[in-house]
Amino acid sequence: MDLLDHDPEPSSSLPVLTVSELNRMARRALESQLPLLWVEGEVSNFVRAASGHWYFSLKDANAQVRCVMFRGRNQFSDFTPTNGDHVEIRALPSLYEARGEFQLGAESIRRAGAGRLYEAFLKLKAKLEAEGLFDPLGKRALPRFPRCIGIVTSPQAAALHDILTALARRMPGLPVMLYPTPVQGAGAGAQIAAAIRAAGARAECDVLLVCRGGGSLEDLWAFNDEAVVRAIAASPMPVVSGIGHETDFTLADFAADLRAPTPTAAAELVSPVREELLLHMGRLARQLHHHLARKHQNETQRLDYLSRRLVHPAEQLRRQQLELGQWTQRLHNATRTRLTRERLQLTQLGQRLVTPLHVVQREQQKLDALTARAQRAVQSGLVQRQLNLARFDSSLGHLSPEGVLARGYSIVQLENGKIVQDAALLKAGDSIGIRLHRGKARATVKSTSQD
């Protein structure tokens, strides 16, 4: 059914909107239905307002759209776009209510293709890092005094001029070997890698600089080539990278033994300063001169001391003759003293010498003395023992039962010969034996008591 066939009556109930209300509703509908998204296109009609906001159009072959990027967002961009730049913006679709124009509110902006390149950069970096090509423990120290410096860059590059200027300023006359190669464009990565390998194979220099000036991510992309990274890691000599500016990083920087923020800084890192070396050598020369002067003084004093100790051979001979005479006199005195002592000892031994008869007489005297001592000892011992025996016999007499019986006591025994010491052991009618001092008697117990 065609819309013209509708009854116009129902439309009379719809509200009437102002243009502002309509544009507001359209803006809200757009912002609620279309999310934040990336849009790619070519910049045109770029304007930077006094407020700092950017206004431009983004177009392709068939259409265009108005865009705005406010100052609070564009101040974080690392570049300012110009007409004709191919870019990608992260934007929120909206509607400018005042004019009813559809537009994109940009949150961030990057050069077209940079996102894909950065993803490829991170993927290759993770792969090479897992293989250990970026391991800090594998980094080599730079030679302090290189005999020759190799440079891998383009002969037309401004970086080469900066490097040569810095080397001429710091160390004039230092040999430089150039390994020319393109540093951007198709096939540049393979040619840079070939130049690095050629430098390593020819072994003409002590350290190698891989350099180029600043540029966009696309300009520096050759130094993210896997072949370049592997060639740097396999180089037999230390490699210093000086690629772009201080904020630029490439995979070649991670593989190099040392990264310099700029080509000029790379030249400064590998070359000593001639003036500083001359000053240092001057200080060393002065120190050496002072050391030699002190040593000369010390040796002169030592020579004077030794010269005072030096004696003429005739004087040495005279001293040795005198010393020999002294030793001869001491030997003569010692021999004479020893002879006198030996004679005295011989005399003493002669006096102590006796005949066998004297020995027998002396031994007989000793035997007689010992015999007399033995007889006296035996006699004295016999008398002492007789006295002890009499004392023991008297003591035994006092303790003998016979002595007790002699004093009027008696011993009562049972028929079995057991001695009775307690009246409780007896009872009336028992037969007992009584031993007296002289003889024995038998009796019968009539009664007992404990009194």
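The values are calculated or read from the model by the stated rules, or taken from the named source; none is laboratory data. The shown structure was predicted, so the numbers you read here are calculated from the model rather than taken from an experiment. When we count neighbours, we look across all protein chains shown, and the Cβ atoms used for this are built from the backbone with ideal geometry, even at glycine.
General observations
- Taken together, the criteria exclude Gln316 from residues that are modelled with pLDDT of 85 or more, in a helix (DSSP H, G or I) and of a type in the set (S, T, N, Q).
Rundown of residues vs (1) within 30 Å of Gln450 (Cα to Cα); (2) of a type in the set (Ser, Thr, Tyr); (3) not in a helix (DSSP H, G or I), yes/no style:
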| site | (1), (2), (3) |
| --- | --- |
| Val378 | no, no, no |
| Val383 | no, no, no |
| Leu396 | no, no, no |
| Glu402 | yes, no, no |
| Gly408 | yes, no, yes |
| Ala424 | yes, no, no |
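- Residue match in region 292-309 (condition: part of a helix (DSSP H, G or I), loosely packed, with under 11 Cβ neighbours inside 10 Å and aromatic (Phe, Trp, Tyr)): yes
- If the condition is being buried (at least 22 other Cβ atoms within 10 Å of the Cβ) and of a type in the set (Ser, Thr, Tyr), then region 236-260 contributes Ser241, Thr250.
- Among the conditions (1) part of a loop (DSSP other than H, G, I, E, B); (2) buried (at least 18 other Cβ atoms within 10 Å of the Cβ); (3) outside the structural domain of Val239 (by TED's automatic domain parsing), Pro146 misses just one, which is (3).
- Any hit, region 61-75, residues being surrounded by 15 or more Cβ atoms within 10 Å (Cβ to Cβ), at pLDDT below 85 and over 30 Å from Asp248 (Cα atoms): no
- Flag: Pro81 matches the condition of being buried (at least 16 other Cβ atoms within 10 Å of the Cβ) and not acidic (Asp, Glu).
- A residue that is without any contact (Cβ under 8 Å) to a residue 40 or more places away in the chain, within 30 Å of Val228 (Cβ to Cβ) and in the same structural domain as Leu174 (by TED's automatic domain parsing) can be found somewhere in region 265-285.
- Test result for Gly350, in a helix (DSSP H, G or I) and either touching a Lys or Arg at 6+ places or on another chain (Cβ under 8 Å) or loosely packed, with under 10 Cβ neighbours inside 10 Å (or both): yes
- Evaluation of Leu167 against (1) out of contact with any strand residue (DSSP E or B) (no Cβ under 7 Å at 6 or more places or on another chain); (2) crowded, with 17+ Cβ neighbours inside 10 Å; (3) not polar (S, T, N, Q) (one fails), failing number: (1)
- Candidates Arg90, Arg99, Arg116 - the one that is under 27 Å from Phe254 (Cα atoms) and among the charged types (D, E, K, R): Arg116
- Total residues in region 427-439 satisfying the condition of being surrounded by 10 or more Cβ atoms within 10 Å (Cβ to Cβ), of a type in the set (D, E, K, R) and over 9 Å from Gln413 (Cβ atoms): the figure is 2.
- Taken together, the residues in region 197-219 that are surrounded by 21 or more Cβ atoms within 10 Å (Cβ to Cβ) and closer than 20 Å to Glu129 by Cβ amount to 1.
- When the test is whether a residue is under 18 Å from Arg99 (Cβ atoms), β-branched (Val, Ile, Thr) and crowded, with 16+ Cβ neighbours inside 10 Å, Val43 does not pass it.
- Flag for Leu217 being of a type in the set (A, V, I, L, M), part of a loop (DSSP other than H, G, I, E, B) and either under 24 Å from Phe79 (Cα atoms) or touching a Gly at 6+ places or on another chain (Cβ under 8 Å) (or both): yes
- Scanning region 1-35 for residues that are surrounded by fewer than 10 Cβ atoms within 10 Å (Cβ to Cβ), modelled with pLDDT of 75 or more and not in a helix (DSSP H, G or I) returns Leu14, Pro15, Val16, Thr18, Pro35.
- With respect to the conditions (1) surrounded by fewer than 17 Cβ atoms within 10 Å (Cβ to Cβ); (2) out of contact with any Leu (no Cβ under 8 Å at 6 or more places or on another chain), Glu101 falls short on a single one, namely (2).
- Of the residues making up region 47-87, those that are in a strand (DSSP E or B) and closer than 19 Å to Arg99 by Cβ number 13.
- Only one entry of Arg286, Arg230 meets the criterion of being closer than 22 Å to Gly185 by Cα and basic (Lys, Arg), and that entry is Arg230.
- Against the test of being assigned by TED's automatic domain parsing to the domain that holds Arg230, outside any strand (DSSP E or B) and either of a type in the set (A, V, I, L, M, F, W, C) or surrounded by 18 or more Cβ atoms within 10 Å (Cβ to Cβ) (or both), the options Leu160, Leu122, Leu133 yield a single qualifying residue, Leu160.
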